[in-house]
1. With springs connecting C-alpha atoms under 10 Å apart, model chain A as a Gaussian network and identify which of A:138, A:174, A:105 has the largest mean-square fluctuation.
2. Could you give the C-alpha radius of gyration of region A:1-159 expressed as a fraction of 2.2 N^0.38 Å, taking N as the number of residues it contains?
3. Please tell me the relative contact order of region A:1-147 in percent, rounded to the nearest whole number, where contacts are Cα pairs under 8 Å and at least six residues apart.
4. Using only atoms on other chains, find how many Cβ atoms lie within 10 Å of each Cβ of peptide A:145-152 and report the average.
5. Tell me the angle of helix A:2-29 to the major Cα principal axis of chain A, expressed in degrees between 0 and 90 and rounded to the nearest ten.
6. Debye calculation, C-alpha points only, no solvent: report log10 I(q)/I(0) for the protein assembly as shown at q = 0.06, 0.07, 0.12 Å⁻¹, in the same order as the q values.
7. Calculate, axis by axis, the spread of Cα positions in chain B along the three principal axes, and write the results as whole Å, longest axis first.
8. When chain A is treated as a GNM, springs tying every alpha-carbon pair under 10 Å, which of A:136, A:170, A:120 comes out with the largest mean-square fluctuation?
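Quick note: the coordinates plus some simple rules give every number you see, no bench work behind them. Every value quoted in this text rests on a predicted model; they were computed, and no experiment measured them. Using ideal geometry, Cβ is built from the backbone for each residue, glycine included, and neighbour counts are taken over all protein chains shown.
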């Protein structure tokens with residue numbers, strides 16, 4: 001097991017290293033001078049040269065990459081040339097907002113998805129089961145930003161049940177939670193369907209197993225059998241994908257953040273892209289990609305712990 | 001050829017029994033037709049500005065109202081489908097072809113090549129797609145070709161991985177070994193044995209991929225990073241509508257509905273196709 005974790009961890013690190021280097025190289029090899037883009041075409045050559053020197057752009061690419069990793073090892077993501085602040089400071093300032101949104105979305109999706117999947121497995125082929133099946137697929141398919149826009153249109157602008165923008169007054173938890181509802185629903189709705197489908201499939205499998213039959217033979221109440229013996233096992237696959245969900249949602253949060261004008265990494269990246277603020281683009285992509293790779297790693301490890309066959313497969317591939 | 005015709009007929013007969021899959025197919029075909037005949041069906045030129053009729057609601061003149069420049073929303077929605085269609089057609093066929101080639105090379109080629117390709121696939125997949133897309137657009141500036149390129153790059157690993165797994169599973173089969181022993185070339189084996197066997201999973205994957213691709217294009221255009229103005233795309237209609245949300249909800253409603261329909265249509269159709277074509281489900285007497 002330790003060998004598997006080490007191998008998988010090293011691979012994840014290597015992939016992260018390749019991905020970050022690729023991004024770095026792309027940013028720095030693109031035609032067009034970043035200094036030109038940042039300062040505009042009318043800037044004097046001296047000013048451009050000074051900015052280039054400040055950003056380290058006058059060095060060869062490999063030296064720049066080496067310096068970048070050296071800084072990264074010291075927790076330094078560079079300096080935002082517009083505001084003259086540390087990129088790491090800017091990114092980590094926004095991260096809690098995105099994390100709160102992601103956790104609310106995944107929490108809500110789990111709380112709704114598990115009972116929905118469980119009920120449709122127990123009432124197989126009933127109207128509820130069919131409706132859940134159709135809705136699950138629908139929830140997964142519809143782009144989250146369309147859901148976000150419709151929620152904004154009806155629940156915030158038209159009926160004014162929820163606030164339309166921002167993250168709420170700092171320190172006021174009720175207000176912040178109120179601001180969190182719509183973005184979290186937009187982000188988590190797809191996952192409700194996904195979790196319901198997963199739970200339904202594994203619940204159907206578990207209900208056929210011997211220990212359930214034994215529990216029935218012992219005359220245990222159906223409720224106890226379902227909650228204590230079946231559901232406990234049936235939710236395992238869901239637990240393993242939650243890690244992956246958090247990673248995916250961190251980037252998916254972007255649309256919810258933009259539609260509801262909420263602070264967060266996604267909104268930061270979008271603004272950085274529009275103003276071509278490369279250090280901030282690099283910093284926010286780096287942080288989300290790291291989260292994404294780590295969450296895939298964690299969910300792989302949890303999966304392998306629960307299912308030893310995967311470890312064996314990992315060895316041969 | 002008769003075999004292939006029989007296969008199509010058999011698939012369609014099975015599909016007709018599945019109401020959800022059939023609904024999906026009807027939605028998909030209807031939207032395809034509306035999009036293809038947009039130039040005949042559109043009541044107005046989608047780019048025609050009419051400042052006296054800005055942001056008006058639905059009426060007999062403008063069935064879905066007008067946007068902030070007085071352009072007819074219905075005409076823009078109909079023409080907007082062309083962008084979605086173009087992006088999904090080009091992006092999916094190119095990434096499927098490239099994924100097929102690379103996946104077969106990984107699955108059938110030497111071990112080192114397999115390792116290199118798998119690491120490349122995993123590296124590309126390690127970027128969250130939307131973040132990757134945004135950082136590329138930051139460098140190249142918004143354009144439809146960039147969107148297509150991004151979707152191709154991020155989709156190749158998905159197709160490549162599936163083809164690799166299927167090819168590897170086929171490679172060790174006895175009949176392939178027998179073919180080899182009889183002197184069949186790798187190209188012959190790949191063309192006559194591996195390709196027909198991976199065609200069905202690829203087809204399913206492609207039809208399930210359409211909603212993601214359409215959503216991606218619309219998402220990037222919504223962020224102002226896809227098609228450039230004034231070209232209509234469902235995403236750019238939503239983007240325009242978002243800025244004037246408090247004045248008129250119609251562009252948002254009208255731009256979102258085709259997106260929802262297309263994604264639902266293709267998903268229902270794809271799911272049904274999977275149930276029909278997946279031999280594992282069929283063998284177990286799944287849905288049919």
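1. A:174
2. Values: Rg = 24.3 Å, N = 159, 2.2 N^0.38 = 15.1 Å.
My calculation over the Cα atoms of region A:1-159 gives 1.61.
3. Details: 42 pairs, mean separation 12.3, N = 147.
Rounded, it is 8 percent for region A:1-147.
4. On the way: counts 10, 14, 2, 1, 12, 6, 0, 3.
Per residue, the number of nearby Cβ atoms from other chains is 6 on average.
5. It is inclined by approximately 40 degrees.
6. -0.36, -0.49, -1.46
7. Computed over chain B, the largest-to-smallest principal extents equal 78, 47, 28 Å.
8. A:170
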